[in-house]
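Worksheet: one structure, shown below.
The values are calculated or read from the model by the stated rules, or taken from the named source; none is laboratory data. Keep in mind it's a predicted model, so treat the numbers as computed, not measured. Glycine also receives a Cβ, built like all others from the backbone with ideal geometry; neighbour counts cover every protein chain displayed. What goes into the accessible areas is simple: the full protein's heavy atoms, side chains included, and nothing from ligands, DNA or RNA. Shrake-Rupley method; radii C 1.70, N 1.55, O 1.52, S 1.80 Å.
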Amino acid sequence: MDTQNPNVPPHAHTRVAAKKHPNRRHPHSGLVHDNTRHTTRFTVIGNHLAQHPELSLLAIGLGTHIQSLPVGARIDIKSLAARFPEGTARIAAALRELEAHGYLRRERVRVPDGRIITRTTSCNQPGHSDTEAPRPAAPRKRTRPPGGKPLPAVPQPAYPAPALIQQATDLLTGLRREDPRLLFSACDTAHLAPGVAAWLERDVTPAAVRRALTAELPPEPLRRPAALLAHRLTAQLPPPPPLARPATPPPTRHPLQTCDGCDRAFRAPAPGHCRACRSSLLEAA
């Protein structure tokens, strides 16, 4: 009973699972995830936002932050600038990107007390909400030519009046006289017109807009002149004009009166004595 058979292995070999096999090759470069399942305090973010091919990194991060906030949180530019180190200009540009791609809807509504406020709605899946409000019909159609890249987003005017959009379209159409390379298609002009209208809405003269768009252009041929102007419209957008202070009323000009003591003419709201006679009367008293 104490004799052992040397031809029999001391233990039976167990089959190793394929994913735990020691000879399984692992990637030596690239991203490796170390994930733990969340059970509380988490937000589901779609890859269409986290890996958006057109949004900037700041817009993607800001959109993710906004979707994680509760209902009623303040996401105006000042509140976000106080929360993050980016300035108001960069945050405003990121909000405009999210709005242009449908992740934000901002509308001005009148509350019961008569004030007009801006109501912001966050959309986690643009175009899939049954309650999504219809967008105003503005000529900002974006088209992608076969094999080409889409144009960058441009600023949007707060009130896209038809006359303002037409003025912006005429300005863009006239840029070909400044530089023959700035000849845009109808689709590119419709995409850029709201950006020019946003400048005009901020009390920038058409001549100043024209100089900003045509100054210091590269001497070599422009591959995508519309994309270059879209970048300038966004990157160089001036701040809104300051609120106009109420005009100071002119000083009241009283009618001429005749002094009862010396017959001199002086201005006063009612008849009586001039200043010199009043002083004499006080000294005599």
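Which one of these is at pLDDT below 90, surrounded by fewer than 14 Cβ atoms within 10 Å (Cβ to Cβ) and closer than 19 Å to VAL154 by Cα: GLY63, GLY72, GLY87?
Details: GLY63 fails: surrounded by fewer than 14 Cβ atoms within 10 Å (Cβ to Cβ); GLY72 fails: closer than 19 Å to VAL154 by Cα.
So the residue among GLY63, GLY72, GLY87 that is at pLDDT below 90, surrounded by fewer than 14 Cβ atoms within 10 Å (Cβ to Cβ) and closer than 19 Å to VAL154 by Cα is GLY87.
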Qualifying residue in the range 205-219 (condition: open to solvent by 50 Å² or more (accessible area, probe 1.4 Å), within 20 Å of VAL154 (Cβ to Cβ), in contact (Cβ under 8 Å) with a residue 40 or more places away in the chain and in a loop (DSSP other than H, G, I, E, B)): no
Failed item in (1) under 30 Å from LYS149 (Cα atoms); (2) of a type outside the set (Gly, Ala, Ser); (3) open to solvent by less than 40 Å² (accessible area, probe 1.4 Å), with GLN257 passing the rest: (1)
Output for the range 177-201, where each listed residue is over 23 Å from PRO238 (Cβ atoms) and outside any helix (DSSP H, G or I): PRO180, ARG181, LEU183, SER185
Residue list for the range 236-254, filter: without any contact (Cβ under 8 Å) to a residue 40 or more places away in the chain, within 23 Å of the chain's Cα centre (by Cα) and open to solvent by less than 80 Å² (accessible area, probe 1.4 Å): PRO238, PRO241
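Among the residues of the range 220-261, write down those that are within 30 Å of GLU178 (Cα to Cα) and assigned to a loop (DSSP other than H, G, I, E, B). So that I can check it myself, show each step before the final result.
Our first condition is that a residue be within 30 Å of GLU178 (Cα to Cα); within the range 220-261, this holds for 220-241.
Once the filter is applied, which keeps residues that are within 30 Å of GLU178 (Cα to Cα) and assigned to a loop (DSSP other than H, G, I, E, B), the range 220-261 yields GLU220, PRO221, LEU222, ARG223, ARG224, GLN236, LEU237, PRO238, PRO239, PRO240, PRO241.
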Qualifying residue in the range 114-122 (condition: touching a residue at least 40 places away in the same chain (Cβ under 8 Å) and either in contact with a Leu (Cβ under 7 Å, 6 or more places away or on another chain) or surrounded by 13 or more Cβ atoms within 10 Å (Cβ to Cβ) (or both)): yes
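Conditions (1) modelled with pLDDT of 85 or more; (2) among the hydroxyl-bearing types (Ser, Thr, Tyr); (3) open to solvent by less than 100 Å² (accessible area, probe 1.4 Å), marked per residue:
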| position | (1), (2), (3) |
| --- | --- |
| ASN5 | no, no, yes |
| THR14 | no, yes, no |
| LEU49 | yes, no, yes |
| HIS52 | yes, no, yes |
| LEU55 | yes, no, yes |
| SER68 | yes, yes, yes |
Residues of the range 264-285 satisfying the condition of being over 17 Å from ARG253 (Cα atoms), open to solvent by 100 Å² or more (accessible area, probe 1.4 Å) and either in a strand (DSSP E or B) or out of contact with any helix residue (DSSP H, G or I) (no Cβ under 9 Å at 6 or more places or on another chain) (or both): ARG278, LEU282, GLU283, ALA285
